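Have a look at the structure below before the remarks.
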Amino acid sequence: MPTVKYEVVLGSRNHGKIAELRSLLKGLPLRVLSFLDFPDLPVVEEDGKSFRQNAEKKAKAIAKATGRIAIADDSGLEVDWLDGAPGVWSARFAGEKATDRDNSRKLLKLLDGVSWEQRNARFVCVICASDPRGRTVSAEGVCEGMISFEMRGTHGFGYDPVLIPKGHRMTMAEMEADQKNRVSHRADAMNKFRVIFKEFVEQYKK
């Protein structure tokens, strides 16, 4: 086990996302904290026009509130047939209080009758770190795939039951965590992020 050198706070209240980020950060000399350790963390409005803007806004707010380096991500689904929707509105696609299943149902309804060849889509994730001084670093990951004709699988969260990654037959929600973490947009972003994050935390000490 690596020696803990830094405490970082994850800027999310989504238990599924927190679990994935913890898993993807394994091997780094970090103690990973979350809103469970800081019950009074601010709720940050995700009103940016891009995933990067939202991730950066969340990371900066959490870093300022805790006095620690914060890591936040923003992610979503882009569907070609819908001109990139739901995009940054992925979590609220079916309404402000929509559940994951509500959002997936709406998506499948909008794609009713659309052929397999026209169901191209991708998951996009931007992971951002911020220190309390407001300095940031970020990385983007993508998982290309197709939208299934029905929801399948019980693992994961969000649109996992309807996105089949390129080169696979199972939806994200049918994959075990280890398999998903080899192909997901969040894993792609984290692989890039880990490289630049090491330099970022070294600069933080100066």
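Whenever a residue of the range 7-22 is free of Cβ contacts under 8 Å to residues at least 40 places away in the same chain, its partners that are in a strand (DSSP E or B), lying with C-beta atoms within less than 6 angstrom and at least six residues away or across chains, give the pairs 18/10; 22/32. Screening the range 90-167 for strands (runs of 3 or more DSSP E) wholly inside it with 3 or more residues that are surrounded by fewer than 22 Cβ atoms within 10 Å (Cβ to Cβ) returns the ranges 136-147. Of all the criteria given as (1) closer than 24 Å to residue 119 by Cβ; (2) of a type outside the set (Ser, Thr, Tyr); (3) within 17 Å of the chain's Cα centre (by Cα), the one not satisfied by residue 190 is (1). So, in the range 134-160, how many residues would count as being more than 18 Å from the chain's Cα centre (by Cα), under 19 Å from residue 54 (Cα atoms) and free of Cβ contacts under 8 Å to residues at least 60 places away in the same chain? The number of residues fulfilling the criteria is 0.
Scanning the range 46-68 for residues that are within 12 Å of residue 89 (Cα to Cα) and in a loop (DSSP other than H, G, I, E, B) turns up 46, 47, 48, 49, 50.
Within the range 1-39, the set of residues being touching a helix residue (DSSP H, G or I) at 6+ places or on another chain (Cβ under 8 Å), closer than 22 Å to residue 100 by Cα and either at pLDDT below 80 or in a loop (DSSP other than H, G, I, E, B) (or both) comprises 11, 12, 34.
Residues in the range 158-183 that are more than 16 Å from residue 16 (Cβ to Cβ) and among the β-branched types (Val, Ile, Thr): 2 in all.
Residues 203, 179: which one is in contact (Cβ under 8 Å) with a residue 12 or more places away in the chain and either surrounded by fewer than 22 Cβ atoms within 10 Å (Cβ to Cβ) or in a loop (DSSP other than H, G, I, E, B) (or both)? Steps first, please.
Numbers: 179 fails: in contact (Cβ under 8 Å) with a residue 12 or more places away in the chain.
Step by step, each of 203, 179 is checked, and only 203 is in contact (Cβ under 8 Å) with a residue 12 or more places away in the chain and either surrounded by fewer than 22 Cβ atoms within 10 Å (Cβ to Cβ) or in a loop (DSSP other than H, G, I, E, B) (or both).
Here 149, 123, 157 are screened, and the one residue that is touching a Pro at 6+ places or on another chain (Cβ under 9 Å) and of a type in the set (Phe, Trp, Tyr) is 123.
The values are calculated or read from the model by the stated rules, or taken from the named source; none is laboratory data. Everything numeric in this text was worked out from a predicted model, so none of it was measured. With ideal geometry, Cβ positions are generated from the backbone for all residues, glycine too; neighbour counts draw on all protein chains shown.
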